[in-house]
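Comments concern the structure below.
The values are calculated or read from the model by the stated rules, or taken from the named source; none is laboratory data. This is a predicted model, so every value here is computed, not measured. As a convention, Cβ positions derive from the backbone with ideal geometry for all residues, glycine included, and neighbour counts pool all protein chains shown.
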Amino acid sequence: MNAPVLAGPLPGQPFIHQHDGQLRMEKIDLAPLARRYGTPLFVYSKASMLAALEAYRRGFAGRSAQICYAVKANSSLGVLQVFAQAGCGFDIVSIGELERVMAAGGRADQTIFSGVGKTALEMSRALQAGIACFNVESQAELHLLSAVASDAGRRAAVSVRVNPDVDARTHPYISTGLKGNKFGVAHDQALQIYQLAHSLPGLDVVGIDCHIGSQITQAGPYLDAMERVLDLVDALKNSGILLQHIDFGGGLGINYNQDTPPAADELWRQLLARIDARGYGQCKLMIEPGRSLVGNAGLCLTEVVYTKPGSHKNFCIVDAAMNDLPRPAMYEAFHQIVPVTPRHGPMLTYDVVGPVCESGDWLGRDRSLCVQSGDLLAVLSAGAYCMSMASNYNSRGRPAEILVDGAQAHLIRERETTADQMRGERLL
């Protein structure tokens, strides 16, 4: 079989397309970027991020709502700056993420602090910065936060993250709303936890939070979780605890491999209909999207180092690896892999692998490609949970990052050198 001729936008990637035989993002050809900045190289589309954000805003038109970008999906300063300038709030899970948000121009008073293991030092710094709300995940955390806030002469705004025991129908590593997950408090204990929070000095109970997982591609789990959360809001109101906001988390999936998640505005049309029917249409809503804003905005350019035929497998060895793109190794995740400059010729089936010394170092299995050494490939849908999870395994420097804005390409992270990696280390 010969290599197909690609033309026009790639499926699910409206800002990535073939133009005159070259892969292009917005108005920028990608091959010259690879030559200038080297590979592996992450490249992001600003227009893609803003288009994804606009879908949520359409869904919330006329409502009191705050969109808080989940920093863990991609915490690069240039990416955070895009969302800060667009007026987003932020969802963080560490004090390091808060410092990044503020360095990128984001506001602490539009940031919510999630996560199961907040320390006293993190709580103190967040309170000092003026954090909007803590999403609390245990009784022990409530006691600690109350003590930290009281010692500082402050009151901490809190919501309780409730675990509704709803199956998100996603990979078990990124499912967070079942009884066996570490996140949140059990649905049947939530009323008791809220009463405790209401009684503690230093705390103001302002909301309720629910986040059931990531890469969710169906509306059903959201609807099920919402009903359980609203049942609790009813019970809290009946016990005299009135909430200022309801936070339905994030987790909406993207198209990696013919996945068909609902569009953000369509999903929220369904959810808002349920909220209205339950009498909470005027309540402030908060959400924490991450992957759905940045996942399909990014790709990773990588160069073919060798092709290696084998008796059972053919290997396409590239210069990107599991330290750059950890999702396949961690979750057996699928990413589309396409040539930057397609060749005409016979296709062979390859496992696309990196140079790291692990059999788990693969980026794609059984891919039909027509390639040779020196060719460039693009690993698509790499905007989320790739660079933010990248490491220095095998003492490999993390890649450079480029943000494309129309016909301009901005370097937002320099390639990490060996000297960068060793900075801070000391010989005996």
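Report, ordered by the first and then the second residue, all pairs with beta carbons closer than 8 Å, sequence separation of six or more or different chains, a first member in region 383-408 that is in contact (Cβ under 8 Å) with a residue 24 or more places away in the chain and under 23 Å from LYS27 (Cα atoms), and a second member that is aliphatic (A, V, I, L, M) and assigned to a loop (DSSP other than H, G, I, E, B).
Taking only residues 6 or more apart or on different chains, the pairs are ALA384/ILE254; PRO399/ALA320; PRO399/ALA390.
Please determine whether any residue of region 76-90 is polar (S, T, N, Q) and under 24 Å from CYS210 (Cα atoms).
No, region 76-90 has no match at all.
What tally of residues in region 369-418 results from selecting those that are surrounded by fewer than 22 Cβ atoms within 10 Å (Cβ to Cβ), among the β-branched types (Val, Ile, Thr) and assigned to a loop (DSSP other than H, G, I, E, B)?
Residues meeting the conditions: 1.
Considering each of LEU23, LEU53 in turn, give the residue that is under 28 Å from ILE317 (Cβ atoms) and aliphatic (A, V, I, L, M).
Values: LEU53 fails: under 28 Å from ILE317 (Cβ atoms).
So the residue among LEU23, LEU53 that is under 28 Å from ILE317 (Cβ atoms) and aliphatic (A, V, I, L, M) is LEU23.
Just one of (1) closer than 28 Å to ALA51 by Cβ; (2) in contact with a helix residue (DSSP H, G or I) (Cβ under 9 Å, 6 or more places away or on another chain); (3) in a strand (DSSP E or B); (4) not small (Gly, Ala, Ser) trips up GLU303, so point out which.
(1)
On the given criteria, is MET422 under 30 Å from GLY21 (Cα atoms) and of a type outside the set (D, E, K, R)?
No.
For residues that are modelled with pLDDT of 95 or more and of a type in the set (Gly, Ala, Ser), scanning just region 20-54, find the one that is surrounded by the most Cβ atoms within 10 Å (Cβ to Cβ).
SER45
Any idea how many residues of region 222-267 are assigned to a loop (DSSP other than H, G, I, E, B), under 25 Å from CYS133 (Cβ atoms) and more than 18 Å from the chain's Cα centre (by Cα)? Talk me through it step by step, then tell me what you get.
Here is the first cut: in region 222-267, the residues assigned to a loop (DSSP other than H, G, I, E, B) are 239-244, 248-251, 253-263.
Now restrict to residues that are under 25 Å from CYS133 (Cβ atoms): 239-244, 248-251.
From the residues that got through so far, the ones that are more than 18 Å from the chain's Cα centre (by Cα) too are 239-244.
Residues flagged as assigned to a loop (DSSP other than H, G, I, E, B), under 25 Å from CYS133 (Cβ atoms) and more than 18 Å from the chain's Cα centre (by Cα) within region 222-267 amount to 6.
Given (1) surrounded by fewer than 23 Cβ atoms within 10 Å (Cβ to Cβ); (2) farther than 18 Å from HIS245 by Cα; (3) among the polar types (S, T, N, Q), where does ASN74 come up short, assuming only one miss?
With respect to (1) surrounded by fewer than 23 Cβ atoms within 10 Å (Cβ to Cβ); (2) farther than 18 Å from HIS245 by Cα; (3) among the polar types (S, T, N, Q), ASN74 is out only on (1).
Of everything in region 49-67, what is in a helix (DSSP H, G or I), under 21 Å from ASP209 (Cα atoms) and out of contact with any Phe, Trp or Tyr (no Cβ under 8 Å at 6 or more places or on another chain)? Give them in sequence order.
Passing the criteria: only ARG57.
Do the conditions hold for VAL371, that is, is it within 30 Å of SER75 (Cα to Cα), modelled with pLDDT of 95 or more and among the hydrophobic types (A, V, I, L, M, F, W, C)? Working first, answer last.
Numbers: within 30 Å of SER75 (Cα to Cα): no; modelled with pLDDT of 95 or more: yes; among the hydrophobic types (A, V, I, L, M, F, W, C): yes.
For VAL371, the condition - within 30 Å of SER75 (Cα to Cα), modelled with pLDDT of 95 or more and among the hydrophobic types (A, V, I, L, M, F, W, C) - is not met.
Collect the residues in region 268-292 that are in a loop (DSSP other than H, G, I, E, B) and polar (S, T, N, Q), keeping them in residue-number order.
Answer for region 268-292, where residues must be in a loop (DSSP other than H, G, I, E, B) and polar (S, T, N, Q): just GLN282.
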